[in-house]
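Read the structure below first, then the notes.
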Amino acid sequence: MYVQLVGGPLDGQLLDVTGFSPDERADGALLISPHGAYGPGGRSDYEPRDDPGRWEWQGDTA
């Protein structure tokens, strides 16, 4: 199972969530993103919204 990442530095990429539990899928993920606001080692926060097949960018964190 894959979700599409929408917005932010990982826009358009697919994330494999096959191994995620239902609770983990509901929480979203902090993904390593070398192109985010904090450069290499920074993370981008993506969370599910109205469409379960798409996770939207919420911002970047160090």
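Data overview
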item: 5 angstrom amide H check on SER33, placed H, neighbours 5+ away; result: GLY41, GLY42, ARG43, SER44
item: Rel. contact order, % - alpha carbon contacts under 8 angstrom, at least six apart, the chain; result: 33
item: Long-range HN-HN contacts of GLN13 with modeled amide H, under 5 Å; result: LEU5
item: Convex hull volume of the chain per residue (C-alpha atoms, cubic angstrom); result: 73
item: The stretch 2-43, accessible surface, carbon-and-sulfur percent (1.4 angstrom probe); result: 53
item: For the stretch 39-56, Karplus couplings with θ = phi - 60° (6.51, -1.76, 1.60), whole Hz, Gly/Pro x; result: x, x, x, x, 10, 10, 8, 10, 9, x, 10, 5, 9, x, x, 9, 10, 9
item: Long-range amide H partners of ARG54 with built H, under 5 Å; result: GLN4, ARG49
item: Loop trypsin sites (Lys or Arg not before Pro), the chain, which have at most 13 other Cβ atoms in a 10 Å radius of their Cβ (DSSP); result: ARG49
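The values are calculated or read from the model by the stated rules, or taken from the named source; none is laboratory data. On a predicted model such as this, the values are computed, not experimentally measured, just so you know. Note that each Cβ is placed from the backbone with ideal geometry, even for glycine, and that neighbours are counted across all protein chains shown. Note: accessible area is taken over every heavy atom of the protein model, side chains too, but ligands, DNA and RNA are not part of it. Shrake-Rupley method; radii C 1.70, N 1.55, O 1.52, S 1.80 Å.
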